[in-house]
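The values are calculated or read from the model by the stated rules, or taken from the named source; none is laboratory data. Everything quoted here is computed from the prediction, not taken from an experiment. Because the Cβ atoms are built from the backbone with ideal geometry, glycine has one as well, and the counts that use them run over all protein chains shown. Keep in mind that these areas ignore ligands, DNA and RNA; they rest on the heavy atoms of the full protein, side chains included. Shrake-Rupley method; radii C 1.70, N 1.55, O 1.52, S 1.80 Å.
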Amino acid sequence: MHSEKTFPGLDQAAWEELVTRFDGRMWAVARACGLGPADAADAVQGAWLRMVESLDGIRDPERIGAWLITTTRHEAVRLARRSRGERPAADALPDVPVPDPAASVVDAEFGRRLWLRLDGLAEPCRSLLRLYALNPDAKYAQISMRLGLPMGSIGPTRSRCVSRLRALIEEER
Amino acid sequence: MTDDDHLPTYLLAALRMAAGADPVPGRVSAAARAAFALRLPGAVVASPAEVGPGVGARSEGRPVMHRFAADGLILDVEVTVADDRLDVAGQVSPAPGPDARIEVRTPGAGSSRVPSETGHFAVAGLPPGWVSVVCHRPDRAPVATRWLHVRD
């Protein structure tokens, strides 16, 4: 359960410290959800606005980073659905989310460990994940050409490759 | 949805951060820093309420209605985006009286209006993106809609 204290001492300086700590992570999450730069900017801004409107209700400052990252993912998923032409009923707004426990992996240091592990993956996983990480706007058609994979298999292959990477990381723990 | 469903997204995000190929743009950080000024301490946040079937459908240049409710007020907010401009019109019910102010806010600016006798208000020519409507009432807490994302 959350503790009952409200957000202590949040002023402009403390807010800017939160921005410095988390906006790079939030941006990376929005982009990892497949959004282009304009939509990713909207998703990150949306997460900060959700925080502004939720300030009175935030009970657990310790988890604010996970909350911001989770909220960014929620907003990014909504924007991605909309850009695919899907329309959720009456533009349903998510409730204030429960932070995802996995949000803690969004960290540059952890990312560097992932890169080391990436070299241990077989092809096409190594090249595919490298390409995704280094070329944020890569399209399926471009990846398909560069790696010689059928376009329709890129999505499923990426999921499989991320699962393998994850298995390697879990062995390490 | 289980936690496992989000892990691939977060792993990819960590890889991207470590690669440093796509840092957060300065304008995104600047908008984040500026967001703190948008807080409304003590405001009652109005969540979306159900509107009738079909109202949520939307297409280019056609208005979309959203209903928000809190603290005895209903805020109907109609948004229209055309030519990269956002127009917001709506009605507060029950009509809040001549001492109230309706503020239509975007992250970059706010415009205040005195509502009509019937509680209607309108603001035109805003930048598309995030928008919120606030009803400022004398002697009572303001009621603010949750931020709404509006683009073509």
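The residues listed here are A:R130, A:R158, A:R112, A:R146; of these, the one that is at the interface with chain B (Cβ under 10 Å from one of its Cβ atoms), farther than 17 Å from A:G34 by Cα and assigned to a helix (DSSP H, G or I) is A:R112. The set of residues from the stretch A:32-41 being part of a helix (DSSP H, G or I) and either surrounded by fewer than 24 Cβ atoms within 10 Å (Cβ to Cβ) or not assigned by TED's automatic domain parsing to the domain that holds A:A76 (or both) comprises A:P37, A:A38, A:D39, A:A41.
Within the stretch B:118-141, the set of residues being farther than 29 Å from A:D39 by Cβ and open to solvent by 40 Å² or more (accessible area, probe 1.4 Å) comprises B:T118, B:H120, B:H136, B:P138, B:D139, B:R140. Residue count for the stretch B:84-99 under the criterion of being open to solvent by less than 50 Å² (accessible area, probe 1.4 Å) and modelled with pLDDT of 95 or more: the result is 5.
Against the list (1) of a type in the set (A, V, I, L, M); (2) free of Cβ contacts under 8 Å to residues at least 12 places away in the same chain; (3) facing chain B (nearest Cβ under 7 Å), the condition A:A13 fails is (3).
Here the strands (runs of 3 or more DSSP E) wholly within the stretch B:86-152 that include at least 1 residues being more than 13 Å from every other protein chain (Cβ to nearest Cβ) and free of Cβ contacts under 8 Å to residues at least 24 places away in the same chain are B:109-113.
Please verify whether B:E78 is outside any strand (DSSP E or B) and either buried (at least 21 other Cβ atoms within 10 Å of the Cβ) or touching a residue at least 12 places away in the same chain (Cβ under 8 Å) (or both), treating the condition exactly as stated. The answer is no for B:E78. When you check A:A133 against the structure, is it in contact with a Gly (Cβ under 8 Å, 6 or more places away or on another chain), small (G, A, S) and modelled with pLDDT under 90, yes or no? No; evaluated as a whole, the condition is false for this residue. Among the conditions (1) under 16 Å from the mean Cα position of the chain (by Cα); (2) open to solvent by less than 30 Å² (accessible area, probe 1.4 Å); (3) under 22 Å from B:G26 (Cα atoms), the only one that A:A80 does not satisfy is (3). Criterion applied to A:L165, A:L129, A:L116 was being loosely packed, with under 15 Cβ neighbours inside 10 Å, within 21 Å of A:R25 (Cβ to Cβ) and either in the same structural domain as A:V29 (by TED's automatic domain parsing) or out of contact with any His (no Cβ under 7 Å at 6 or more places or on another chain) (or both), and the one residue passing it is A:L116.
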